[in-house]
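The values are calculated or read from the model by the stated rules, or taken from the named source; none is laboratory data. All values derive from a computational prediction rather than experimental measurement. Note that each Cβ is placed from the backbone with ideal geometry, even for glycine, and that neighbours are counted across all protein chains shown.
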Amino acid sequence: MKKLLIMLTPAAMLVLAAPFAIAQESQTPAPATVDAAKGLSEWDKVYAVFSHPRCADCHVADDRPRWSGAHYGGTRVHAFNVQRGADGSGFGNPGLRCTACHFSSNSKALHGPPGAENWHLAPAEMAWFGKSSAEICAQIKDPLRNGNRSLKDIALHVRDDRLVAWGWAPGPDREPAPDSAEATYQAIEDWAAAGASCPPGQ
């Protein structure tokens, strides 16, 4: 009898362990499924904002911001020889800083200059004016070309930065960027969660 008991003990241990293993397995979350189509759909929303004149006009490679709108007859280079600035700051050259005309809020005068806190051009490495969806998508994911930001950082920048927020409240006679800062933040979050896929190059 003693010998039989010893032989049964390993089997009994297996029987006892089985429910525990099953319980552990049932508590292990299933891996998230990456939905590339969903991600690309969310990226389309982000691209619609990033490529809109309210955003892209100051993300230029040639140091010259753009003017866009029906009353300009299309898109043109900013008048008055406004430039990024020899120091690369984006705030303009000495004697003609962006803040000489662009104050902390929109001018109430007809066709007066728009305004928001800290008005300036985006850094040169973050230029995407005129680029395709695929090009901007690849750039946004590259820390060397996005201000050394993670995708979470970019989402928060879009949602919380006051100069970025101006794009949705640009004043009379200016078309605002699509959706809202909060909606664009969520689109970036959803795009990242779905794998941050980019559309094919063109």
- Message: Being in contact (Cβ under 8 Å) with a residue 60 or more places away in the chain and out of contact with any helix residue (DSSP H, G or I) (no Cβ under 8 Å at 6 or more places or on another chain) is the filter here; which residues of segment 118-141 pass it?
- Response: 122, 124, 127, 132, 134, 135, 138
- Residue in segment 142-155 that is farthest from residue 189 (Cα to Cα), counting only those that are loosely packed, with under 15 Cβ neighbours inside 10 Å and touching a residue at least 12 places away in the same chain (Cβ under 8 Å): 144
- Query: Of the numbered conditions (1) at pLDDT 95 or above; (2) touching a helix residue (DSSP H, G or I) at 6+ places or on another chain (Cβ under 9 Å); (3) under 11 Å from residue 121 (Cβ atoms), residue 63 satisfies every one except a single condition; which is it?
  - Reply: (1)
- Query: Before we move on, is residue 88 assigned to a loop (DSSP other than H, G, I, E, B), touching a residue at least 40 places away in the same chain (Cβ under 8 Å) and out of contact with any strand residue (DSSP E or B) (no Cβ under 9 Å at 6 or more places or on another chain)?
  - Reply: no
- Please specify each residue of segment 61-82 satisfying the condition of being hydrophobic (A, V, I, L, M, F, W, C), within 21 Å of residue 95 (Cα to Cα) and either in contact with a Cys (Cβ under 9 Å, 6 or more places away or on another chain) or part of a loop (DSSP other than H, G, I, E, B) (or both). 79, 80, 82
